[in-house]
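Derivation of every value follows stated rules applied to the coordinates shown; laboratory data play no part. Because the structure is a prediction, the values reported are computed rather than measured. Heads up, the Cβs are rebuilt from the backbone with ideal geometry, glycines too, and the neighbour counts pull from every protein chain shown.
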Amino acid sequence: AIERTFSIIKPDATRRNLTGKINAKLEDAGLRIVAQKRIHMTRAQAESFYGVHRERPFFNDLVTFMISGPVVVQVLEGENAVARNREVMGATNPANADAGTIRKEFAESIEANSVHGSDSLENAAIEIAYFFAGTEIVG
Ligand code: CMP
């Protein structure tokens, strides 16, 4: 089915001017960028977005990293978009990511791993609504 998923190009990638190269990988995977904006998250926004990880030992470092520079938040649309995006991103830890994936090619570490993608259709809807108004998404 045609789905929408939520994506973030993280500060390690915007810092190295990789937005276009990452977007090319997404588009080559059959995903359409139907909404996109560059923002600098506040600490409160990042803490809320990653709220499910609040009890994890890496939570504070993760939030500090996510607000260390601008990010590009995106809505991606396509056939099986949630799973397709997770395939093209590769494993969370770039050391475990398959060849050709975004994280294998670009990620610096398990934390500075260049992209975020929703892990389920349900979370995709929640994450999209967190950053985008319906009128900003043009399919
Ligand atoms: P993301 O898909 O954005 O979801 C949560 C993020 O936490 C993850 O990508 C990583 O950037 C980060 N993360 C996950 N596991 C670890 C870990 N063990 N140490 C540090 N950061 C992590």
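For ASN85, indicate whether it is among the polar types (S, T, N, Q), more than 10 Å from the ligand (Cβ to nearest atom), closer than 15 Å to GLU3 by Cα and assigned to a helix (DSSP H, G or I). Spell out the reasoning first.
Values: among the polar types (S, T, N, Q): yes; more than 10 Å from the ligand (Cβ to nearest atom): yes; closer than 15 Å to GLU3 by Cα: yes; assigned to a helix (DSSP H, G or I): yes.
Against the criterion (among the polar types (S, T, N, Q), more than 10 Å from the ligand (Cβ to nearest atom), closer than 15 Å to GLU3 by Cα and assigned to a helix (DSSP H, G or I)), ASN85 qualifies.
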Pairs please, first residue from the range 111-124 and within 17 Å of ASN23 (Cβ to Cβ) and more than 6 Å from the ligand (Cβ to nearest atom), second anywhere and aromatic (Phe, Trp, Tyr) and in a helix (DSSP H, G or I), Cβ atoms under 9 Å, 6+ apart in sequence or on different chains.
SER114/PHE106; VAL115/PHE106
Of the conditions (1) closer than 14 Å to PHE131 by Cβ; (2) out of contact with any Lys or Arg (no Cβ under 9 Å at 6 or more places or on another chain); (3) within 12 Å of the ligand (Cβ to nearest atom), the single one that ASN60 does not satisfy is (1)
For ILE8, are the conditions met, namely being in contact (Cβ under 8 Å) with a residue 40 or more places away in the chain, of a type outside the set (Phe, Trp, Tyr) and buried (at least 17 other Cβ atoms within 10 Å of the Cβ)?
yes
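For the range 98-117, what are the residues that are part of a loop (DSSP other than H, G, I, E, B), surrounded by fewer than 23 Cβ atoms within 10 Å (Cβ to Cβ) and either of a type outside the set (A, V, I, L, M) or touching a strand residue (DSSP E or B) at 6+ places or on another chain (Cβ under 8 Å) (or both)? Give the derivation first.
Of the residues in the range 98-117, the ones part of a loop (DSSP other than H, G, I, E, B) are 98-101, 107-114.
Imposing the further condition that a residue be surrounded by fewer than 23 Cβ atoms within 10 Å (Cβ to Cβ) reduces the set to 98-101, 108-112.
Of everything in the range 98-117, those that are part of a loop (DSSP other than H, G, I, E, B), surrounded by fewer than 23 Cβ atoms within 10 Å (Cβ to Cβ) and either of a type outside the set (A, V, I, L, M) or touching a strand residue (DSSP E or B) at 6+ places or on another chain (Cβ under 8 Å) (or both) turn out to be ASP98, GLY100, THR101, GLU108, SER109, GLU111.
Does PHE65 satisfy the condition of being aromatic (Phe, Trp, Tyr) and in contact (Cβ under 8 Å) with a residue 24 or more places away in the chain? Please lay out each step first, then the result.
On the way: aromatic (Phe, Trp, Tyr): yes; in contact (Cβ under 8 Å) with a residue 24 or more places away in the chain: yes.
It is true that PHE65 is aromatic (Phe, Trp, Tyr) and in contact (Cβ under 8 Å) with a residue 24 or more places away in the chain.
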